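This report refers to the structure that appears directly beneath it.
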Amino acid sequence: NRLGNRNLYLVSLLTFLVGSTLCAFAWSSSSLIVFRVLQGLGGGPIMPMTVALLAGAFPPEQRGIAVGIMGIGIAFGPGVGPVIGGYLTEHISWRMVFLLMLPPGLLCVTLVLIILPNTREAQQRSLDVIGLLTLSIFLVSLLVALSRGQREGWDAPFIQRLFITAAITLVIFLVWELYTKEPLIDLRIYTNVTFCAVSVLVLIFFMNFMVSIFLQTILLQRLLDYTPARAGYVLLPGALLVAIAFPIAGRLADMFDRRLIMFCALSVFALASYAFTGLSLERPLSWMMGIAALRFVAGSFLFTSATAAALSKLPPEQVRMGSGLLNLMQQGIGGTIGLAMGTTILQRRLTVHRHLLDQEQLASSLSWDEVLSPVRDLVQQAGSLGGLGEAQVQALVHRHLSQQATVAAYQDCYMVVMVLCLASMSMLLLLRKPNR
């Protein structure tokens, strides 16, 4: 409101580029975190501002295809980024990942200066400082607690204090926003049933989407010993398909009932998550690439239809606020809760399955020596004898049991993802049939 759309866009891009450059020259993990925070402050407004600009430039009946075309860029990043980043990290340096952002970033700055009009709203509104502070404290406390809870322990005093701080500041924020004259966030936007339902749907979906990508990446690199570059190639076919699917999804969102499109997208995502519960170490790479592609394509159809459906029901003066809140749900809260959920469930189910394997061994009619005997024969045939050979036998058996427990834990995680995806379909019942 104060800077105008173009100036805010420029400030955000430049802040992002400065943060990226500083990340490349970080001298410690702490300095890298600080510069990543600066990078995030700049990158945060870019996506909701883009959606708001598109919503203002296109009529409601064409917003689906507009968001779909924008989605080509959204798909290009997650598809090509891990491949290029993995190659640079493996063969040159991780610092090049951040420096690589400078050329396209400077091109974006030039295009913004040339294309976007420098306009400002006539009515100047005051900044709700108390709302900004309480919202910031709430979000930072919540996201730090969620991201560090598994590492520190959910019952650790530090994590509990963060959750208490988040709860108190959330209550203060809600009360203040409801009664202040010019709130930072007009909470009455959530009285719009369609927008509220889509917000919950987007939150749950991006929880599932982020945890799916995270689990698959950890699986490939830690369990299957893939290099960063090769792990990135697994996501590439899906991202390329999404680049094709986004415009199609946008066009369909303008032509058909968006509720039906979102239902089909959620069904495909749930099916892909269920398929991953059949994970095993013998599965070929093409199988994982196919499932990843299904998830990406489902995400493109859901994102375009959900965004178009939510913003089409808002008055023009609330579109910018609505796009920002949707972005907060998907990139901020949804992504962080998803990662926290994935790491917690994975670790706990891993402990459970290791315990179950121990119990099965105790209940087995075979002695431990009988279990080791065929492995010992293979090691001896390979030429390892004596104490060294016995150590290799123990290591091989332990690795095999650990792999089996880990695979079972991943299967449980994807079962949870599938259940959450099916549960989120209930939000579609609250969406109103579009007026055509």
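Things to note:
- Subset of region 218-266 [charged (D, E, K, R), assigned to a loop (DSSP other than H, G, I, E, B) and in contact (Cβ under 8 Å) with a residue 40 or more places away in the chain]: Asp257
- Residue that is open to solvent by less than 20 Å² (accessible area, probe 1.4 Å), of a type in the set (A, V, I, L, M) and modelled with pLDDT under 65, where the choices are Leu314, Leu388, Leu372: Leu372
- Single unsatisfied condition, Gly43 versus (1) in contact (Cβ under 8 Å) with a residue 60 or more places away in the chain; (2) open to solvent by less than 40 Å² (accessible area, probe 1.4 Å); (3) within 30 Å of Leu302 (Cα to Cα): (1)
- Residues of region 82-107 classified as surrounded by fewer than 17 Cβ atoms within 10 Å (Cβ to Cβ) and assigned to a helix (DSSP H, G or I), total: 11
- Identity of the residue in region 148-171, touching a helix residue (DSSP H, G or I) at 6+ places or on another chain (Cβ under 6 Å) and touching a residue at least 40 places away in the same chain (Cβ under 8 Å), that ends up farthest from Val319 (Cα to Cα): Gln150
- Top-ranked residue in region 119-149 [being surrounded by 11 or more Cβ atoms within 10 Å (Cβ to Cβ) and among the polar types (S, T, N, Q); ranked as nearest to Tyr87 (Cα to Cα)]: Ser147
- Asn192 being closer than 18 Å to Phe296 by Cα and either touching a residue at least 12 places away in the same chain (Cβ under 8 Å) or open to solvent by less than 10 Å² (accessible area, probe 1.4 Å) (or both): no
The values are calculated or read from the model by the stated rules, or taken from the named source; none is laboratory data. The structure presented is a predicted model; accordingly, all values stated were derived computationally and were not measured. All Cβ positions, even for glycine, are placed from backbone atoms using ideal geometry, and neighbour counts span all protein chains on display. Keep in mind that these areas ignore ligands, DNA and RNA; they rest on the heavy atoms of the full protein, side chains included. Shrake-Rupley method; radii C 1.70, N 1.55, O 1.52, S 1.80 Å.
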